[in-house]
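The values are calculated or read from the model by the stated rules, or taken from the named source; none is laboratory data. Worth saying up front: this structure is predicted, and the values here are computed from it rather than measured. Ideal geometry is used to build each Cβ from the backbone, glycine not excepted, and the neighbour counts take in all protein chains shown. Accessible surface areas use protein heavy atoms only, side chains included; no ligands, DNA or RNA. Shrake-Rupley method; radii C 1.70, N 1.55, O 1.52, S 1.80 Å.
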Amino acid sequence: MRFETTVQRPVEAAGVGLHHGVPVRIRILPAPVSTGIVFIRTDLENFQIPASWRYVARVSYATSLMRQGVLISTTEHLLSVLYSMGIDNVYIEIDNLEVPILDGSSEPFVRLIEQAGIRQYRRKRRYLRIRRPISVEDKGKRISILPFECFRLTCDTDYPSPVGHRSLELDVTPQNYAAQIAFARTFGWEKDLDQMRNMGLIRGASLENAVCFTHDGVVNPEGLRAPDECCRHKALDLIGDLALLGRPLLGHVIAERAGHAMHAALVARIMSDPSLYEILTFDQLAALVTETLVS
C-alpha cells in the first residue's frame, strides 16, 4: 500500500474476556492520519492507551498494555487483524479491561474490518525495513528477523502429543492472513486448567472460544479447523505482537517455539537500536528494489 489507511465507518462487537471473564464491548472507529492504533477506555473517562511497544506491561499467556496504571489485556488477536489487513489508524473504544475473545480466533475481527471498509488517506505510508539480522534466544527457544522486501513469517512449534511438531511459512498479506491464519483458535491442555484458574486466568474460557486438548486428542466436539491449527494460531499471536512496532514491517521473522515474551523482547530489541532498521515510503522501497535488480 502506498498510502496510510483507516476504516470507512464504525463497527462494533461484544463478548467476554478470555482471562478476566468480564463482559466487554468494543467499537472500532476511523482515526486521522498518523494517529496509529489507540485504545480508549470509555469506562475510565476515555483514557487513551496507544498500541505501542512502549506500553507493554504483561506477556504471560497474553499481551497486555498499560499506561499510567490503566490496563488493556489480550490485545494480540485484534492487533493481528489490523496489522495484517493494513489498517494504520483507528480508535478502539473499549468499556472494560480486556478485548473480547469472541470465538478464540481472529476471524470475527476480519469480518468486522470487511464490514467497516478501508479508506486510504493521501499521506504516504512509511514502512519499517530491517537492515541486518537480529535474534533473541532463551532456553532453546529463538526468534529472529532477517532483511527482506516484504513481511514474511516462518513459525515453528513443538507441543506434546497430540499436537506435535508443526511448521508454517507465508508472506503476510490481507488475503493470506484471512485464508490461512485468521480461523485458528487459541488453545490449551485440560491438565493445566485448574492451575491457570488458580492464577486468575482463563475465567472466560469455554469450548466455544478455545480448543482444549487431552493426551488422547481434542475435547471440542467439532475437532480442529486444520491439523496445524495451533501453529497457525501462534503465527496469529506473533503478528499481533509485532503490530506494537507501530509501522508495517519489512523483514522475514522466524519464530522457533517462541511466545509472547520473546515476541515482545524482539520488538524492544529492534526499537532500542535505530541502526537495525530504516523507515521508507512505498516509492522509496520500489526504487530500492529496482536499483537492486538492475545492479
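Numerical summary
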| read-out | value |
| --- | --- |
| Computed accessible area, Arg269, all protein chains, 1.4 angstrom probe, square angstrom | 110 |
| Average Cα contact separation per residue, the chain, under 8 Å, 6 or more apart, as relative contact order % | 26 |
| Residues of type lysines that Lys141 reaches as a straight line, Cα spacing below 19 Å, ignoring anything fewer than 8 places off in the same chain | Lys234 |
| Convex hull volume per residue in cubic angstrom - Cα atoms of the range 103-229 | 171 |
| By average C-beta atoms within 10 angstrom, highest first, the peptides 203-212, 235-244 | 235-244, 203-212 |
| Residues whose placed amide H lies under 5 Å from that of Val11, excluding near-sequence neighbours | Ile28 |
| For q = 0.20 Å⁻¹, Debye-computed log10 I/I(0) when each Cα of the range 173-222 counts as one equal scatterer | -0.75 |
| Test item: Cα-centred dipole of the chain, Lys/Arg +1 and Asp/Glu -1 on Cβ, debye | 880 |
| Under the span-like rule (Cα at least 15 Å along the axis, Kyte-Doolittle mean at least 1.0), DSSP H helices of the chain | 260-271, 282-294 |
| Accessible area per residue, Å², the chain with all protein chains present, probe 1.4 Å | 45 |
| Cα centroid of the range 257-277 to Cα centroid of the range 165-192, whole Å | 21 |
| Equivalent ellipsoid semi-axes - Cα gyration tensor, the range 170-295, angstrom | 36, 18, 11 |
| Most to least packed among 72-82, 174-184 [average Cβ atoms within 10 Å] | 72-82, 174-184 |
| Solvent exposure ordering (accessible area, 1.4 Å, most first) of Val22, Val219 | Val219, Val22 |
| DSSP-defined beta bridges in the chain - what % are antiparallel, rounded to 5 | 75 |
